[in-house]
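To start, the structure under review is shown below, and the notes come after it.
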Amino acid sequence: MYEYIKGELTELTPTEIVIENGGIGYKILISLQTYSKLKRGEMSRLFIYHHIREDIELLFGFFDKEERFIFTHLIAVSGIGPNTARMMLSSMSSDEIRNAIISGDINRLKSIKGIGLKTAQRLLIDLKDKMVKISGQDGVSAFVGGTENKQHEEASSALILLGFSKPNVEKVLDVLLRENPAYSLEELIKLSLKRL
């Protein structure tokens, strides 16, 4: 199993990156939480979860071990696959997910797209004790903004890759940008996830 991959970040979108190491470009799926801490062109190290099924192999990357720890525990819960876990980590920070589980905040968990009442209850039953043991780590977010159109385009493409339909995504993004044209890409995606 891979522990981490270190190399130059040659491609960066809110849902995936390409990191070059030894002349090989690794396509790695990421959460919005990890995206907010990366910068294209820099040397980066991502902790890896290697997901293998009979029909597909995927690499999921995380800025820190805590996020990977939360991810691996989330996917161990019946009904939560890697993409749902990534969606959760894009909607809330590792600390927010951990705190919601520890405090038994079912409504907070249900507010995440794809998490219903039964899955939220399962999360609490399966993970509450394990989450108490995790110590929090502070991460410094870094975001390089662009024009409103570029942000709209990148947010739209990220949300569509996460499985939302283009018409719904466009409608929500238009409303958000009318409310506040100064939203960062990360804010746009997080707010959209709450409204979709």
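What follows is calculated from the coordinates using simple rules that are stated; it is not laboratory data. Bear in mind the structure is a predicted one, so any value in this text is a computation, not a measurement. Neighbour counts run over all protein chains shown; Cβ positions are idealised from the backbone, glycine included.
Once the Cα-Cα distance is subtracted from the 0.36 nm per residue extended length, the S111 to K166 segment shows a gain of 17.7 nm. Each of P82, L161, I125 was placed along the dipole of the chain (beta-carbon charges, centred on the mean Cα), and the one lying farthest toward the positive end is I125.
The charge dipole of the stretch 4-62, taken about the Cα centre with unit charges on the Cβ atoms of Lys, Arg (+1) and Asp, Glu (-1), comes to about 300 debye, rounded to the nearest 20.
Given a Förster radius of 35 Å and the C-beta distance between E42 and Q121 as r, what FRET efficiency does 1/(1 + (r/R0)^6) yield to the nearest 0.05?
Details: r = 41 Å, r/R0 = 1.18.
So, using R0 = 35 Å, E works out to roughly 0.25.
Taking the charge dipole of the chain about its Cα centre, with +1 at Lys and Arg Cβ atoms and -1 at Asp and Glu Cβ atoms, the residue from H73, G116, Y183 reaching farthest to the positive side is G116. About its Cα centre, the dipole of the chain is roughly 600 debye, where the only charges are +1 on Lys and Arg Cβ and -1 on Asp and Glu Cβ.
Shape of the chain from its Cα gyration tensor (a ≥ b ≥ c, root eigenvalues): rounded if a/c is under 1.5, otherwise prolate when a/b > b/c, or oblate?
Oblate shape, in that a/c is at least 1.5 and b/c is the bigger or equal ratio.
Scanning residues 5 or more positions from F164 or on other chains, none has an amide H under 5 Å from its amide H, with H placed 1.01 Å from N in the peptide plane.
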